[in-house]
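A.B. asks: Here it is, the structure in full.
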Amino acid sequence: MSSRRRRYSKRELLGSLHVDYIMSVSDLGLVPGTNRWDALRAFLNRGEARAERLVEDRDGFLILQSIPGRRNTGAIYVYRESLGAFFWLTFGEREDDLSGEDFQNALRIHRLVRFVADRPKRKRRSRRWRLAAGLDPSRVKIAIPAISIPLFSTASVAQFVGQSQGV
């Protein structure tokens, strides 16, 4: 057996990522479409905790929520403003014992910013819209001009070739 110790990747040490729905803004007693900071304030008040770390982007934020005065009591949550919902991120067996360093590692290793980076793309316009605009593919008529292509027999082609070569 080798005297070398196995080196674990940070992904192995942190665990695999799981995302669970927690609650919507209306569950916090707020109106859908509420300002993200009011949603954060209500969420932290519900858990009697504080946001130890926060990363904001276009469609919401990621927070490390922890209990004040207690080390390694953090959990990572995502707020998607377009959905008006909070999600809990867990890593294998590690649920609510994360530190600030774990949060930074998770951001980098699992690329967590992608959860809040962009708003969802708009859906394509429906078939109903295309029908109203007169763009139904079954109604589109493609005009193909009638072209008559003369058909030559092999004898007439040989005669034509022979005439052009002066035979």
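A.B. asks: Please compute the Cα-Cα pair-distance distribution of the stretch 10-115 with 5 Å bins starting at 0, giving whole percents from short to long.
C.D. replies: 2, 13, 25, 25, 19, 11, 4, 1, 0
A.B. asks: Using amide H atoms built in the peptide plane, which far-off residues or other-chain residues are under 5 Å from residue 22 H to H?
C.D. replies: The list, which skips near neighbours in sequence, is 86, 87, 88.
A.B. asks: What full-extension length gain, to one decimal in nm, is calculated for residue 16 and residue 104 as 0.36 nm per residue of separation minus the Cα-Cα distance? Please report the intermediate quantities before stating the final value.
C.D. replies: Working: separation 88, 0.36 × 88 = 31.68 nm, distance 1.55 nm.
Fully extending the segment from residue 16 to residue 104 adds 30.1 nm.
A.B. asks: Determine, for each peptide in 24-33, 93-102, 70-79, 52-61, the mean count of other beta carbons within 10 angstrom over its residues, then list the peptides with the highest first. Present the calculation step by step, with values, prior to reporting the outcome.
C.D. replies: On the way: 24-33: 13.2, 93-102: 14.8, 70-79: 18.5, 52-61: 16.7.
Listed from highest to lowest mean packing, they are 70-79, 52-61, 93-102, 24-33.
A.B. asks: Here is a further query. Which value, in debye to the nearest 20, gives the size of the charge dipole of the stretch 10-115 about its Cα centre, when Lys and Arg are +1 and Asp and Glu are -1 at the Cβ?
C.D. replies: Values: 15 positive and 16 negative charges, 55 e Å.
For the stretch 10-115, the charge dipole is close to 260 debye.
A.B. asks: Hey, another quick one. Can you compute the FRET efficiency between residue 50 and residue 96 using 1/(1 + (r/R0)^6), with r the Cβ-Cβ distance and R0 = 22 Å? Round to the nearest 0.05. Display every interim value, and only then the final one.
C.D. replies: Working: r = 14 Å, r/R0 = 0.64.
The value I calculate is 0.95.
We did not get these values from a lab; they are worked out from the coordinates using the rules stated. These figures come from a predicted structure and were not determined experimentally. With ideal geometry, Cβ positions are generated from the backbone for all residues, glycine too; neighbour counts draw on all protein chains shown.
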